[in-house]
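Let me begin by presenting the structure, written as structure tokens, before commenting on it.
The values are calculated or read from the model by the stated rules, or taken from the named source; none is laboratory data. What you see is a predicted model; the values in this text were computed from it and never measured. Using ideal geometry, Cβ is built from the backbone for each residue, glycine included, and neighbour counts are taken over all protein chains shown.
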Amino acid sequence: MPPIYVTQPYLPPLEEFIPYLQKIWSSKVLTNGGPFHQQLEQALCEYLGVKHLALFTNATIALVTALQALRITGEVITTPYSFVATAHSLLWNGIKPVFVDVDPSTLNLNPAKIEAAITPQTTAIMPVHVYGHPCDVDAIQKIADNYNLRVIYDAAHTFGVQDNNGSVLNYGDLSVLSFHATKVFNTFEGGAIICPDEKTKIRIDHLKNFGHVGEVNVVAPGINGKMSEFNAALGLLQLKYVDQAILLRKKIDAAYRERLKTVKGIHCLDPTGEKVANFAYFPILVQGDYPISRDALYQKLKDSGIHPRRYFYPLISDFPMYRGLPSANRENLPVATAAAQQVLCLPIYPDLDVAVVDEISSFIAAQ
Ligand SMILES: Cc1ncc(COP(=O)(O)O)c(C=O)c1O
């Protein structure tokens, strides 16, 4: 059996992409908000059910720019249980991350722990909808309103996710999506900021284009965050297939749940109230009553050609540039620390054969 990785990017039929490339070759418009860029922004607003969306070269630059757009400074409360780009976007803005522990059932930022971490320097909260499962958005907004804080969601995993009110991307002041190759919807590399009003969208558009307004005006120290026409064209084609891709993911998710539900010591993380899920990841917790440790299972799976990933281990707060912060102390983060020791994300992607899910599940059950 060829190696099975935690994910495999979804790609549309190559021949369907050629006409898009022909258009780019004949127009010679390669970037700078060209026609495919404009079309994709419009198409994604409609598909996702959001008002304004600014495409980016990737989610990391989008997070950095989102903080700039709202002029966030000082301290920002965030989660240690995420991909390192979440906190890096703060450091790139000279902002001090303040880590707060996660909720044991969702592994998202625990709102009950936020208030104790607020200081006079706190200006914002940056939660993550980990694995595409929505945060407790109402509780977070209540705290933000009480303390006059902004909320920027790292929604890198949250493409297409809805709760009873519609798109989860509409919560907070801004949300940031990733269209990286490993994501549910990919443009090879890419990302977007979702914002509720046109004024903010215009500011974000300036910031992602060096701060340029017209030919001779520069209104802010912007960056180059623009998505190219190649990536935007691919996005338009990917959008035609994304519902089908999510449906295939749903089948894999259901198969794992069915086969692993009786395995002692394996806990499959449950969805958290989303009305429409995207099945971006399949995280399990390898608990104390499982016969071997998480790392032993991880190694055994790898030795047999299956490559799960320990998302998110190590915690961001354990990396050298963060671990000196007072909030990075593990005693402050017991739930995140335990989850990082137990979690294993199993392979899930549209083309994964259910027979392979059977094999992986049987392997896990047989230890
Ligand atoms: C939670 C989270 N935030 C941010 C990013 C960064 O996204 P990108 O690779 O598009 O820069 C990722 C993953 O890549 C992620 O998982």
_Can you find, within region 133-145, the residue that is nearest to the chain's Cα centre (by Cα) among those that are acidic (D, E) and either part of a helix (DSSP H, G or I) or within 16 Å of the ligand (Cβ to nearest atom) (or both)?_
D138
*Checking G74 against (1) farther than 24 Å from K183 by Cα; (2) within 12 Å of the ligand (Cβ to nearest atom); (3) not charged (D, E, K, R), which single condition isn't satisfied?*
(2)
*Consider Q287 against the criteria (1) surrounded by 13 or more Cβ atoms within 10 Å (Cβ to Cβ); (2) under 29 Å from N93 (Cα atoms); (3) touching a His at 6+ places or on another chain (Cβ under 7 Å): it satisfies all of them except one. Which criterion is unmet?*
(2)
_Boolean, Y322 is more than 20 Å from the chain's Cα centre (by Cα) and in a helix (DSSP H, G or I)_ = no
*So which residues in region 83-101 are of a type in the set (V, I, T) and more than 13 Å from the ligand (Cβ to nearest atom)?*
I95, V98, V100
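Output the residue which, of all residues in region 336-367 that are among the hydrophobic types (A, V, I, L, M, F, W, C) and part of a loop (DSSP other than H, G, I, E, B), is surrounded by the most Cβ atoms within 10 Å (Cβ to Cβ). Working first, answer last.
Keep residues of region 336-367 that are among the hydrophobic types (A, V, I, L, M, F, W, C), which gives 336, 338-340, 343-346, 348, 352, 354-357, 360, 363-366.
Filter again for part of a loop (DSSP other than H, G, I, E, B), leaving 348, 352, 366.
Working: I348: 24, L352: 22, A366: 8.
The residue in question is I348.
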*Could you please find all residues in region 56-90 being under 15 Å from the mean Cα position of the chain (by Cα) and among the hydrophobic types (A, V, I, L, M, F, W, C)?*
F56, A59, I61, A62, L63, V64, A66, F83, V84, A85, A87
_Please go through region 249-303 and give me each residue that is among the polar types (S, T, N, Q) and more than 17 Å from the chain's Cα centre (by Cα), ordered by number._
T262, Q287, S293, Q299
*asked:* I need the full set of residues from region 146-191 which are outside any loop (DSSP other than H, G, I, E, B), under 16 Å from L53 (Cβ atoms) and away from the ligand (no atom under 11 Å from the Cβ), in order please.
replied: I152, Q162, G166, S167, V168, L169, N170, L174, S175
*Filter region 20-67 down to residues that are of a type in the set (S, T, N, Q) and away from the ligand (no atom under 16 Å from the Cβ) and give me whichever is surrounded by the most Cβ atoms within 10 Å (Cβ to Cβ).*
T31
*Across region 339-355, what is the total count of residues that are touching a residue at least 60 places away in the same chain (Cβ under 8 Å) and out of contact with any strand residue (DSSP E or B) (no Cβ under 6 Å at 6 or more places or on another chain)?*
7
*Quick one: E215 ticks every box in (1) in contact (Cβ under 8 Å) with a residue 60 or more places away in the chain; (2) out of contact with any strand residue (DSSP E or B) (no Cβ under 9 Å at 6 or more places or on another chain); (3) of a type in the set (D, E) bar one, so which box is it?*
(1)
*Could you please tell me which pairs satisfy a Cβ distance under 8 Å, a separation of 6+ or placement on different chains, a first residue in region 46-64 that is within 17 Å of V151 (Cβ to Cβ), and a second residue that is assigned to a loop (DSSP other than H, G, I, E, B) and away from the ligand (no atom under 16 Å from the Cβ)?*
K51/P196; K51/D197; H52/P196; H52/D197
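Consider Q121 carefully, then state whether it is in contact with a Lys or Arg (Cβ under 9 Å, 6 or more places away or on another chain), farther than 30 Å from Q244 by Cα, surrounded by fewer than 21 Cβ atoms within 10 Å (Cβ to Cβ) and modelled with pLDDT of 95 or more. Talk me through it step by step, then tell me what you get.
Working: in contact with a Lys or Arg (Cβ under 9 Å, 6 or more places away or on another chain): yes; farther than 30 Å from Q244 by Cα: yes; surrounded by fewer than 21 Cβ atoms within 10 Å (Cβ to Cβ): yes; modelled with pLDDT of 95 or more: yes.
Yes.
Would you check which residues across region 235-266 are in contact with a Leu (Cβ under 6 Å, 6 or more places away or on another chain), closer than 30 Å to I292 by Cα and in a helix (DSSP H, G or I) and list them? I'd like the intermediate steps shown before the answer.
As a first pass, look at region 235-266 and keep what is in contact with a Leu (Cβ under 6 Å, 6 or more places away or on another chain): 235-236, 252, 266.
Pick out the ones that are also closer than 30 Å to I292 by Cα and you get 252, 266.
Once the filter is applied, which keeps residues that are in contact with a Leu (Cβ under 6 Å, 6 or more places away or on another chain), closer than 30 Å to I292 by Cα and in a helix (DSSP H, G or I), region 235-266 yields only I252.
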*asked:* So, in region 298-313, exactly how many residues are outside any helix (DSSP H, G or I) and either farther than 25 Å from L107 by Cα or at pLDDT below 95 (or both)?
replied: 2
